[in-house]
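Student: This structure is in C-alpha cells; I'll ask about it shortly.
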Amino acid sequence: MIEILNPTELTRARNTGALVADILQTLKGRSTVGTSLLEIDRWAETMIVEAGAQSCYVDYEPSFGRGPFGHYICTAVNDAVLHGLPHDYMLADGDLLTLDLAVSKGGVAADSAISLIVGESRPPESVAMISATERALSAGIAAAGPGARIGDISHAIGSVLSEAGYPINTEFGGHGIGSTMHQDPHVPNTGRPGRGYKLRPGLLLALEPWVMADTAELVTDADGWTLRSATGCRTAHSEHTIAITNDGAEILTLPKQAQP
Ligand code: MG
Ligand code: MG
C-alpha cells in the first residue's frame, strides 16, 4: 500500500521528523569513547517517552529479525551495518558508529540514520565511506523532483555509490513511510532512471544509501538481528525521511543546525 498524506498529516510528519533529528543529534554528541550501546538505547528511550512519541522498533517483529526488537534505536559498529541490536559494547576511539532511529508521533512515523566516527581518530576509509553515503543521499533527494520516478532516485543513489567504488546490496534499501515505518514503494539503492512508481505530492519516503567497503554480502549476527558485512569490513549508512511536494523534496529529518 502506498499512502499519500494530507496537509494535516504532513504537518505531523514534520514534527516527527524534527524530533527524530533532535534525538539523533543529541545521541551523536553523547557517543563518546567509553559510552555503551545500551546507554545510548536508554537515552533514546527517555527522549522518545518524554516527547510523547512511540518507538517504531521496540515491538517490531519482521520476518528478517528474531522476535520483537526490544530496543529503541539501532546501533551498528564497524562491520555491523543494519538492524544493529544494542548490547553492552563500549565505544572505542575510531569506531564507525551508525545510529538509526524511527519513531511515530501523532500517527506519523519518521526514520533517519547517521554514521559517525567516535573519538579523535579519523580513519580515511571510514571518512570516505560516510561521505559517499551522505553524497548518495543528497543525490537521491535531489532526484526526487516533480514528475520523477523511484528509478530516478535509485539511479542517482547508485551512481554515487558505484563511482565511489562500493558494491551495492539490493536486499535492503529505502521505503515509503507514513502511518507505519515500512511501506511501499521500495526504493532500491541502484536502479534505472525513468522506471517505477511516479512520485506524487504527499508521499513520504525514507531514502537510505548504505555500503560495505568490499562486499555486497551480509551475514546475520548470533543476536538474530544485527547484519554485518560478510568480510568483516567497515560499513556506513545515511538516511533521511523526505516529503514529496509540488516543488520537489522536503527533508523532514534535517538537524536544526543544517537547516537553511
Ligand atoms: Mg532507518
Ligand atoms: Mg528506513
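Every number here is computed from the coordinates shown, using simple stated rules; none is lab data. The shown structure was predicted, so the numbers you read here are calculated from the model rather than taken from an experiment. All Cβ positions, glycine included, derive from the backbone under ideal geometry; neighbour counts span all protein chains shown.
Student: Among E239, E45, E134, which one shows the highest mean-square fluctuation when the chain is modelled as a Gaussian network with alpha-carbon springs under 10 Å?
Tutor: Comparing E239, E45, E134 in a Gaussian network model of the chain, the most mobile one is E45.
Student: If the cut-off is a Cα-Cα distance under 25 Å, which lysines reach K105, setting aside same-chain residues fewer than 8 apart in sequence?
Tutor: Here the lysines satisfying the reach criterion relative to K105 are K28, K256.
Student: Then there's this: Plugging the Kirkwood radius over Cα pairs into Stokes-Einstein for segment 36-94, at a temperature of 25 °C and a viscosity of 0.890 mPa s, what D comes out in µm²/s? Working shown, then result.
Tutor: On the way: Rh = 12.2 Å.
After rounding, the answer is 201 µm²/s.
Student: Separate question: Would you mind ranking M181, M90 so that the residue whose beta carbon has the fewest other beta carbons within 10 Å leads the list?
Tutor: On the way: M181 21, M90 12.
In order of increasing Cβ crowding within 10 Å: M90, M181.
Student: Just for the Cα atoms in the chain, what are the lengths along the principal axes, largest first, rounded to whole Å?
Tutor: Rounded to whole Å, the extents work out to 46, 42, 38 Å.
Student: Taking the beta-carbon count within 10 Å as an exposure proxy, list W43, W210, W225 from fewest neighbours to most.
Tutor: Values: W43 18, W210 29, W225 23.
Least to most surrounded, the residues fall as W43, W225, W210.
Student: Once you wrap a convex hull around the alpha carbon atoms of segment 150-260, what is its projected area averaged over all directions, in nm²?
Tutor: Seen from a random direction, the Cα hull of segment 150-260 projects 8.5 nm² on average.
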